1. Mind grabbing the accessible area of GLU180 for me, 1.4 Å probe, Å², rounded to tens?
2. Expressed as a rounded percentage, what relative contact order does the range 37-155 have, with Cα pairs under 8 Å and six or more residues apart?
3. Output the pairs from LYS87/LYS196; LYS146/LYS169; LYS114/LYS146; LYS87/LYS169; LYS40/LYS114; LYS114/LYS159 with a Cα-Cα distance over 31 Å in this structure; if there are none, say none.
4. Please sort by residue number the trypsin sites (Lys or Arg not before Pro) in the range 32-85 whose DSSP state is loop and whose Cβ has at most 14 other Cβ atoms within 10 Å.
5. In whole Å, how far is the Cα centre of the range 165-182 from that of the range 66-110?
6. For an R0 of 22 angstrom, estimate the FRET efficiency from the Cβ-Cβ distance between THR147 and GLU49 and round to the nearest 0.05.
7. When only the heavy atoms of the protein chains count and the probe is 1.4 Å, how do HIS135, HIS52 rank by accessible area, highest first?
Amino acid sequence: MPFSRVVSLRVLIVVLAIAATSATLCADKKQPPPPPARAKSPAPAVTDEYIHKEFGDNCSLLGGPPQFVGDLDGDGVDDLVVAARCKNPMADQAEYGFVVADPYDSFLGFGDVKVTSTFASEVPDRKGICLLIVHGVGADAWRSDKTKPKFLLINLPFKTLTVKRLALKKRTVLGVYMEERGEGEETSSVLFWDGKKYRYQQLGSTLE
């Protein structure tokens with residue numbers, strides 16, 4: 001075989017090898033997951049019977065804010081978000097297997113929920129206001145009778161609630177957006193699952 005043809009064949013082999021390697025690297029490169037489906041309302045709506053079953057008789061639904069269903073933790077299974085009023089959340093957490101957390105005061109530098117759970121609002125109609133989140137498990141999602149992660153979030157100064165997409169650096173998640181009242185009047189904020197816990201983040205002033 002002529003020398004030029006040998007060289008050409010070798011060059012072709014090298015080019016094909018480089019192309020194959022590049023294709024493999026591109027395929028192996030982790031692509032960002034698709035954005036989650038938009039949140040919707042549970043059908044039928046959640047009742048106090050469900051709340052008492054999952055969080056105890058000290059908690060009851062809060063009239064007014066809407067209820068939401070959506071995949072907050074990115075596992076492909078729907079989760080539940082509802083507003084409630086809970087008299088003594090710390091007393092029932094072991095019995096009903098939920099986590100009491102305070103993302104708002106953690107953001108402000110107060111990390112001990114045993115302390116911040118004693119921060120009672122001076123406004124009577126704000127006392128005991130909480131956000132309840134139930135992560136779904138299996139085909140029945142948040143309605144499942146299986147043990148599932150449950151969170152009771154305290155001291156959130158929300159006036160209105162909505163659940164919609166939130167763009168983070170490497171992915172898009174569902175966040176719980178809040179218009180605030182009290183000290184944060186005319187400001188907005190968002191709660192989102194960071195893979196380990198729910199995190200509070202301020203967004204700034206509203207456009208009203």
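1. My reading of the accessible area for GLU180 is about 10 Å².
2. Reported as a whole number, the value is 26 percent.
3. Too far apart for the 31 Å limit: LYS146/LYS169; LYS87/LYS169; LYS40/LYS114.
4. Passing sites in the range 32-85 are ARG38.
5. 15
6. 0.70
7. I get HIS52, HIS135, largest accessible area first.
The values are calculated or read from the model by the stated rules, or taken from the named source; none is laboratory data. These numbers come from a predicted model, not from an experiment. Backbone-built Cβ (ideal geometry, glycine too); neighbour counts: all protein chains shown. Quick note on the areas: whole protein, heavy atoms, side chains included, nothing else; ligands and nucleic acids left out. Shrake-Rupley method; radii C 1.70, N 1.55, O 1.52, S 1.80 Å.
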